[in-house]
Ligand code: SAH
Ligand code: MG
């Protein structure tokens, strides 16, 4: 099945220019991370703008991110937090966490962003309960366990998001641990009454779901 997809090339560039222009804190965060040898696997700018809008919409008190890297997505989201609201972002790699801390500090967001070092989901046990919004963007084999954590900890009406949901197209016929795990998460979102789910067809695919009051 071949369908037209207009979100590419000049259209992506236009969307970035209109809605996702980076300021010095965002571009500087990437430059510092590149210089420190971190992988450049952050979300796309338009994903950042989308997450930021969703934070404004939900007006959460507590947001949890799984997978900080150098803090790029965290900066986009944290900027939309209302006074007193907090973002907790989990990062397993100490070096990534150190770079992210410097970037969050440089962005002037250290008062509302806490980087939680250690492997999720185990590292998430001490966080506030319940949470209002969860964004998952870490190791793909962990996605089912992050969904399970979010199911327990999101309040009814809370928002769940997971990046790289298309696995470069592999989710339709998954082979390999990562694609099989992400597909497992997508199937769970579809079949479990605890979720009301859809898909944001970004470049990489962003699963989006609301925690219902079932289960
Ligand atoms: N959300 C970031 C990109 C995250 S990249 C952004 O868009 O800016 C994925 C990150 O998840 C990496 O830094 C990796 O070290 C981290 N990671 C992988 N497995 C993890 C785990 N079990 N717990 C916490 N972080 C993990
Ligand atoms: Mg990602």
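The calculated P(r) of the stretch 56-180, using every Cα pair and 10 Å bins from 0, goes 13, 44, 33, 9, 1 in percent. Shape descriptor for the stretch 115-190: Rg over Rh equals 0.98 (Cα atoms; Rh from the Kirkwood inverse mean 1/r). The length gained by stretching the chain between residue 192 and residue 105 to full extension, at 0.36 nm per residue less their Cα-Cα distance, is 27.4 nm.
When N counts the residues of the stretch 65-116, how does its alpha-carbon radius of gyration compare numerically with 2.2 N^0.38 Å, as a ratio?
Dividing the Cα Rg of the stretch 65-116 by 2.2 N^0.38 Å gives 0.98.
Between residue 213 and residue 15, the FRET efficiency estimated from the beta carbon spacing at R0 = 41 angstrom works out to 0.75. Rg ratio for the stretch 101-149: its Cα radius of gyration over 2.2 N^0.38 Å, N being its residue count, equals 1.29. Panel values: the stretch 1-121, Kirkwood radius from alpha carbon pairs, Stokes-Einstein at 37 °C and 0.692 mPa s, translational diffusion coefficient 219 µm²/s. The label point for residue 93 and the one for residue 168, both projected 7 Å from the Cα toward the Cβ, are 1.7 nm apart. Only DSSP H runs of four or more residues enter the estimate; each adds -39500 (n - 2.57), and after division by the residues of the chain the mean residue ellipticity at 222 nm equals -12000 deg cm²/dmol.
Along its first, second and third principal axes, ordered by size, the chain spans 43, 42, 32 Å in Cα coordinates.
Sequence-distant contacts, meaning Cα pairs under 8 Å at least 6 residues apart, place the relative contact order of the stretch 1-151 at 24 percent. With the highest mean first, a sort of the peptides 148-157, 21-30, 135-144 on other beta-carbon atoms found within 10 angstrom per residue produces 135-144, 148-157, 21-30. Debye sum, Cα scatterers, the stretch 164-215, no solvent: what log₁₀ I/I(0) at q = 0.22, 0.26, 0.28 1/Å? Per q value, in the given order, log10 I(q)/I(0) is -0.77, -0.96, -1.04.
Computed from the coordinates by the stated procedures, all read-outs in this text should not be read as laboratory data. All values derive from a computational prediction rather than experimental measurement. FYI the Cβ positions are ideal-geometry reconstructions off the backbone, even for glycines, and counts take in every protein chain you see.
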